[in-house]
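The values are calculated or read from the model by the stated rules, or taken from the named source; none is laboratory data. Please read these numbers as outputs of a predicted model, since none were measured by experiment. Positions of Cβ are generated from backbone atoms using ideal geometry, with glycine treated the same way; all protein chains shown enter the neighbour counts. What goes into the accessible areas is simple: the full protein's heavy atoms, side chains included, and nothing from ligands, DNA or RNA. Shrake-Rupley method; radii C 1.70, N 1.55, O 1.52, S 1.80 Å.
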Amino acid sequence: MIHVNYIDRAVTVQTTVQVCMHCDDPVCANVCPADAITKDEFGVVHTANTARCIGCSNCVMACPFGVPKKDEAYDLMMKCNMCYDRTSAGKKPMCATVCPTQALYYGTREEIAKMRPNSTPVNNFIFGKESVSTKVNIMMPKGSTSLIID
């Protein structure tokens, strides 16, 4: 489950996607009073367990990437779980499979580095004094080590 954001729908079809970054130390899980959000041994941060989620929105407010969304109709948090049903069976996540421009890619850092030799995969994000490391990488100019977000 990824979120598609329209830049300015009145004048363009341009969009951005918002995927879960699967943080090494997921703040969404850390602030969940019901322990509904878990991270597995593969680094996948799963969407809230519906049997445990109390719909408090702590995860929504705490995520530095703005990924979890609360579905008001069901009073539950929903987010990408890296298509766990697919990836646990050796398949790619659906978003990476259907992305027509390959802007979303599922593979190793080495594979993407070979495909884009003028870029570097980066998974360290700086928010003020906080550093967040993630399972998901973004492509930055060659030699970059982190993305500073002000």
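Restricting to region 64-89, and then to whatever is acidic (D, E) and open to solvent by less than 80 Å² (accessible area, probe 1.4 Å), can you tell me which residue is nearest to I149 (Cα to Cα)?
D71
For region 6-21, name all the residues that are closer than 26 Å to F42 by Cβ and outside any loop (DSSP other than H, G, I, E, B).
Correct list: V17, Q18.
Among (1) out of contact with any Phe, Trp or Tyr (no Cβ under 6 Å at 6 or more places or on another chain); (2) open to solvent by 50 Å² or more (accessible area, probe 1.4 Å), where does K92 come up short?
Exception for K92: condition (1).
Would you confirm whether or not region 109-121 contains a residue that is open to solvent by less than 50 Å² (accessible area, probe 1.4 Å), closer than 16 Å to C23 by Cα and in a strand (DSSP E or B)?
Yes.
Would you check if M61 is in contact with an Asp or Glu (Cβ under 7 Å, 6 or more places away or on another chain), among the aliphatic types (A, V, I, L, M) and open to solvent by 40 Å² or more (accessible area, probe 1.4 Å)?
no
Which of the numbered conditions does V45 fail, given that it passes all the others? Conditions: (1) open to solvent by 50 Å² or more (accessible area, probe 1.4 Å); (2) touching a His at 6+ places or on another chain (Cβ under 6 Å); (3) closer than 20 Å to L147 by Cβ.
Among (1) open to solvent by 50 Å² or more (accessible area, probe 1.4 Å); (2) touching a His at 6+ places or on another chain (Cβ under 6 Å); (3) closer than 20 Å to L147 by Cβ, the lone unmet condition for V45 is (1).
Out of (1) open to solvent by 80 Å² or more (accessible area, probe 1.4 Å); (2) part of a helix (DSSP H, G or I), what's the single condition that is false for T101?
It is condition (2) that T101 fails.
With (1) closer than 15 Å to G43 by Cβ; (2) exposed (fewer than 12 other Cβ atoms within 10 Å of the Cβ) as the list, and K142 as the residue in question, which single condition is left unmet?
(1)
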